[in-house]
Structures are given as C-alpha cells and as structure tokens.
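Just below is one structure, and these are the notes that go with it.
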Amino acid sequence: MLLLASLLVPLLASLGAVVVRDVRALGRSAVAASAVATLGLGAVAGSVFARGPMWVGDYWMVDRFTALMIVLIQVVWVGASLASVRYIGLEHEAGILSTRKVRIYYGLLPLFMLAMLVTVSTDHLGILWIALEATTLTTTPLVALYKKDGAIEAAWKYLLLCSLGISVSLLGLLLLAYAGVGAGLPIDRAFSLGALREHAATLDPQVVRWAFVFLFVGIGTKVGFVPMHPWLPDAHSRTPSPISAALSGVLLNVALYALLRARAVVDLALGQDDWTSGFFAGFGLLSILFAAFVLLHQRNYKRMLAYHSVEHMGLIAFGLGMGPVGAAGAVMHMIGHTLAKSALFFSAGEVLLRLHTTKIANIKGLWRSAPRTSLALMLGFLGLIGMPTSIIFSSELTFLMAAARRSPGAALAVIVGLAIVPIGVLHHLFSMLFSRAPAGAPSPEPPESFTLTHAVVAVELALLFGGGVFFLSTPGFEWAASIARAFTVYP
Amino acid sequence: MTTDMVSLEGVCAGCMLLTAFFSMGRKRLPTLLRHYALSSACLAGLIVTHAVRTSHPAEYAGAVATILVKVVVIPLAILATAHRCGESLRLKPITRPVVSYALAVAAVVGAYLMSRRLPLEIGPTSPVGHIIPLWSLVFVALALIFLGFLMLIIRRDLFSQIIGFLTVENGISAFAVVALGGVPFLMEMGIFAVIGGGVLLMAVLSQQVHSLYRSHDTAILSDLID
C-alpha cells in the first residue's frame, strides 16, 4: 500500500500546480513532493533490498531491479526539483518563462516522474505500455516550452518518433500476449509479465522471436539506439536543463528497463540468451561507434551531452549482450550514467544561466569566471569518460572483461570507440574552461557563488566517484550481479 | 450467423485496407481525413462483428470509443486546426500519385510476405478460433502499418504525418482485434487516452509550427542537424 500511496504524491503535486500561482511556492512544493515521495518509495525499495520482491495486488511488483530504478528516479527527481527552484526561478525573473509556463513546468514534472515510476512498478504489459507512452506525452510540452531556437522542431520529432516507436512496441506486446493465449492463459493474464514468465516454456518460440523484434525496434527508439536515435540529441538539448537531466539521466534507463523485462520472457521461452544478446551487442556497438565520431565535431555543449547518452546507452546495451558478468556491468553503468549525466546537465544549466549560450565556441575562460561550475563540469566529464574511480570506470572494466572472453573482436571495437570519445570531449571541455577570451570581449559576470544546484551536483559526483570503489570490490560486484539476476535468464 | 459475421469481418478488413491504400495518392486534407474516418469506421465494424461472433458484448464499448474518437473527434480536430491556421488544404507529397500508389503496392506486398512468415496459427486451432485464415486478417493489419509508415516517408507536411501515425495505430488496433479478439477493457481505454493525447499534442504543435514558420512543410524543420 505504501507503494500506491507514494505514487499518489506526484499526482497531488501536479494538481497543486493548477491551484498555486506563486512561482516560489511552486518550486518549494515541487521539492516537498519529491522529498515526501522519496521517503515512501525509499522505504519500499529498502524493504525489497532487505526482504525480497514485493507484490501489491495482481498488477504491481517490486523486485531488486525495480527498487534500483525507483531509487535512480527519486535521486533525479529530488535533484531536478532542487535545481529547478533556481533555474526556473531565474528564467522567470528574466522574463524567459511566463508564470503560465512555470505552472505548466511544475505541473508536468511530477506527472513525468509518476509515469516513470508506474512503468517500472507494474507487472502488467498494458499498464507498462501506457505509462511509457505517458512519459513522452508529459515531456513533449516541456521540450517545446521555449517555443524558439528549434524547440518546436525538437518537440515534433520527439513526439512523432517516440510515439511511432512505442506503437511498434505495442505490436510486440500483443504478440507476446498472443503467445500467452496460445499457451492457455486467459486474455487478462496474458498481459502479466509474471504469468508469461511462469508459462514461458510453453510459449511458441517463433511468435516470441517476432515479438522481441518489434519490441526491440519500438522501445529501442525510446532508448535512443542508433539508427532510431535522431530525436534524442534534439529533444535533450532543447529542454530546460533540469528536465534534460531527467530525460537523459533516467528516462532512457526506464525505457531500457521495459525492454529488459520483456527480454527475460523471451530468453526463458527460447531457453537461451544468445539470440537476444546479439541484438543488444550489435545495436550497442553501432551506437557507441556512431556517437564517438559525432562527438568529435559537436558545437553545442548540451547536444554533446545528449550524444553522450547515445554512446552510454550503447555501452549498457553492449554489456547486456555479454552474459551475466556483462549484465552486472550494465547495472553499474546505469547507476553511473544517471549520476554523471544529471550532474552534467545541472552544471550545463548553470553555464546557460550565466552566459546565455549553448555554443561551445562562445564560451571562453569559464574556469576563471565560474570555478565551481567548471570544476563540476571537469569532474563530471572525467567521470563520464571512465576515469578511475568513477562507477563508469568500474562498469566499463567489468563488461570489457566479459567481452574479452566472449567476443574479443567486439571488445576491441568498443575500446576503439572509448578511445575516440575523450579526444572530442576533452578538446571541447578545455576550450570552454581554459581558452582565453578575445581582446575587447565583454567584462566577466560577477563572481560565482555556491548555489543549491552546486550542492546537488557535489553529492552526485561524490556518489559517482565513491561508488566506483564499491563496485570494484567483491561485495559491490555481487550486489550488481544480484540485481542483474532479476532481469536476466542464463542457462 | 457465424458465417455471416465472418464474411462481414472480411468485408470490414478489406474496406480498411482499400481506404488506406487509396488515401496514398490524395492531396487534399479533407479527402485524406474522410479516408481515415472511413477506415476507422471499418475498424469499429471489425470490432462489432468480432463481438457478435464471440458473444463478448463488452467489446461494443471499444467500437463506440473508436467511432467517437477516430471517426468523429480526431478528423474534426485536425480539420479545425488546419482551418485556424488559414493554410491551403492542399498537401504536398514528395512523389507523384502514380509513384505513391506504386510504393503503396510494394508496401502491401511486403505486408503480405511478412504475414505469411508470421507463425500465427490458422483456422480452428487458432487460440481465438477464427474460421477464415488468420493470416489474411493479420495481412490487412500489417498492410495498414506499412502504409502508415509509407505516408510518413513520402509526405512532408505535418497533417499527413499525423494521419500516417494514425494509420499505423489503426493497423495495430486491427491486429489486436484479429489476433487476440481485443484487449482488456481498461487497457483499451488507456490506449485510447494516450493516442488521443498524442494526437492532441501533435495538433497543438502543428499550430505552433505554423505560427512560427507560416507553413506546415516539414522541410522547414531542419534547424537541428549535425
């Protein structure tokens, strides 16, 4: 019951935005809602980690994987709410966002979080599909919020491509249910992931294979796998930065979660994971290499972060295609990517608030004018490209070790991709931080102060670099592997 | 009775396919919307005939919702948006009608080949007990999906893209009816809600595109390229 009660909190917070008109009060109530929901959902997740899976009725199920996703959503929700108080408040003061738009923002933010929480908490494929599509519907107005500089174009591509992808995935879900009906399940139960897992041995393998193809292409569009990714850099770079952090840091993981839940049924029905692993490893590799080359010539730092998401979703997918050790690495990577990417988008928001530009070429000498934000950007990017001791270093090490045994050629290709990425990223980063402003450039802004956003980023970076040490230890690896076992089936 | 219903089911499915097929060469928005509305009405007919044949009266609600949302509300909402923008109702395909129809034939053939490869059981052994071959109805559903995708590719105006998306969605709805005999009621209503919400957002965005660029041509949406 605590789970369902906690899910009501974002709904109430959204309704609150209809009533409240004061921008500061809206910000404070958003923070309060995220904190209250975190208390409830944290208790649910803690209970699951301590005692095992929890069922609420027929439709809701929380296991260790769900609990991890809930924790990641809550981390980003609290962080985004705190960062929004400053970010949205300043944009409102500057006249960039009207009070009406601020209310839309605070009305949709909790609904977006609710949609993600429902996606990961339900065991019913129909509810999962509806909630996943709801994540698109609740975030499209946020992508279009500024109504300029390509925001409408980004929103259109985002809505059309993701809705099409999710529609294709519905065909996959229907085929899975068809296989369930064929195995003797009544139509209501044929949409239950638990029931499908129980009857997996009697599902028609051919139907299940077709179902997975549609699911992979459909949900893979939402995850941002190449070549279904074109909406991602546009949408993630055009939203207010706290929403970019949530879209990039956690929504992609949530979509991947949906795919992994279905994959477990498919692997059980086929009695092996090699077939689905091929999809993950292949599309993962393609995404890594494509993003690595695109990152070399980026001119917009928010877009650069968005392409990083394509690369990292590729890395996670690659890990998922490398057996149980790779899957444990993928779990670590999900955590590391959420922390690093949300910290970087929050920091990018600070840069945007200060310099009013997203063009890399227009930013010079940031280290001198904004040392705190610069340090956050530096550490965030170093963590993201896998510098020890970040969680991403541990995860990449883990699934590269798995890949070296399972598919050495693929491991080598990933290493090439991972070697190319820092060239582009560090070149752009150093250009922003350390290059000198041209003579006659406008005088620098007032000195930077330590803000609430910096505090959020500092906590996330501490977790990113501290967590890496934990995951390099045996208990850390075992913990990640225990979560991976919730969504993997290996003979 | 059962044989009549099966025949009607086939007629509805065939009519859905034909209306979607012939919309491929149409250039005027009202005509395109009429085709879509007719195709959706046939989908409602498919649901009703299936409900009668299988004695599942709960499915009538799905048929009523289909008529209300897809035959009435969505076409009227799109037309109202177009009128509000004051733009010409003549749309801009990037291919000539002959080429569009040729591509549509290729899409239908592709759907046929795919439907024969899909391992869905045929005849009385099918889980939902069809009398006519299940693959033939699945073929119609897949053809609608393929035609919808084709419309998204060969049209470069926002309204055609919305209709292309809706055609894909109609194909998936048809698949749910013919392969599964529909989906649980609450799930169906949820799907209607998110599809309706999506189309509403698309209509709002198309209006915003028009107010920014004074056009619905998707070729102008090219600021965000690498």
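Just so it is clear, none of the values below were taken in a lab; they were calculated from the coordinates. Only a predicted model underlies this, so the values are computations on that prediction, with no experimental measurement involved. Here Cβ is always computed from backbone atoms with ideal geometry, including for glycine, and neighbour counts include all displayed protein chains.
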So, for the Cα atoms of chain A, Rg and Dmax in Å stand at 21.6, 77
Once the dipole of segment A:207-293 is set up from charges on Cβ (+1 Lys and Arg, -1 Asp and Glu), the residue from the list A:Thr221, A:Leu270, A:Ala246 lying farthest towards its positive end is A:Ala246
Helix A:205-223 sits off the longest principal axis of the Cα atoms of chain A, rounded to the nearest 10 on a 0 to 90 degree scale, by 10
Percent of all Cα-Cα pairs per 10 Å bin for segment A:390-491, counting from 0 up to the last occupied bin, reads 11, 24, 32, 18, 10, 4, 0
When all Cα-Cα pair distances of segment B:2-220 are considered, the percent exceeding 25 Å is 39
Rounded to whole angstrom, the alpha-carbon centroid of segment A:39-118 lies from that of segment A:450-473 at a distance of 19
Of the listed links A:Lys302/A:Lys364; A:Lys302/A:Lys359; A:Lys101/A:Lys147; A:Lys147/A:Lys341; A:Lys101/A:Lys222; A:Lys148/A:Lys359, those spanning more than 20 angstrom between alpha carbons are A:Lys147/A:Lys341; A:Lys101/A:Lys222
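If each DSSP helix of 4+ residues adds -39,500 (n - 2.57) and the sum is divided by the residues in chain B, what number results at 222 nm, nearest 500 deg cm²/dmol? Spell out each step's value before the answer.
Working: 8 runs with 162 residues, N = 226.
After summing the helix terms and dividing by residue count, I get -24500 deg cm²/dmol.
Tell me the net charge near B:Val64. Cut-off is 15 Å between Cβ atoms, B:Val64 excluded, with +1 for each Lys or Arg and -1 for each Asp or Glu. Working shown, then result.
Numbers: positive: B:Lys70; negative: B:Glu59, B:Glu188.
Local net charge: -1.
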Unit-weight point scatterers at every alpha-carbon of segment A:204-334, Debye formula, q = 0.09, 0.15, 0.20 1/Å: log10 I(q)/I(0) is -0.25, -0.67, -1.10
Taking Cα atoms, the helix A:2-19 axis meets the longest principal axis of chain A at an angle in degrees (rounded to 10) of 40
Expressed in nanometres to one decimal, the distance between label points 7 Å along Cα→Cβ at A:Phe293 and A:Asn362 is 3.0
Tilt, helix B:74-85 to longest principal axis of chain B (alpha-carbon atoms), in degrees rounded to tens, equals 0
One finds the C-alpha centres of segment B:6-64 and segment A:209-249 to be spaced, in Å, by 32
Expressed in nanometres to one decimal, the distance between label points 7 Å along Cα→Cβ at A:Ser47 and A:Met1 is 1.0
With segment A:41-150 reduced to its Cα atoms and the Debye formula applied, log10 I(q)/I(0) at q = 0.09, 0.21 1/Å amounts to -0.31, -1.09
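Quick one: grab the alpha carbon gyration tensor of segment A:102-187, order the square roots of its eigenvalues as a ≥ b ≥ c, and give me rounded if a/c is under 1.5, else prolate or oblate depending on whether a/b is larger than b/c.
On the way: a/c = 5.73, a/b = 2.01, b/c = 2.86.
Oblate, since a/c reaches 1.5 and b/c is not below a/b.
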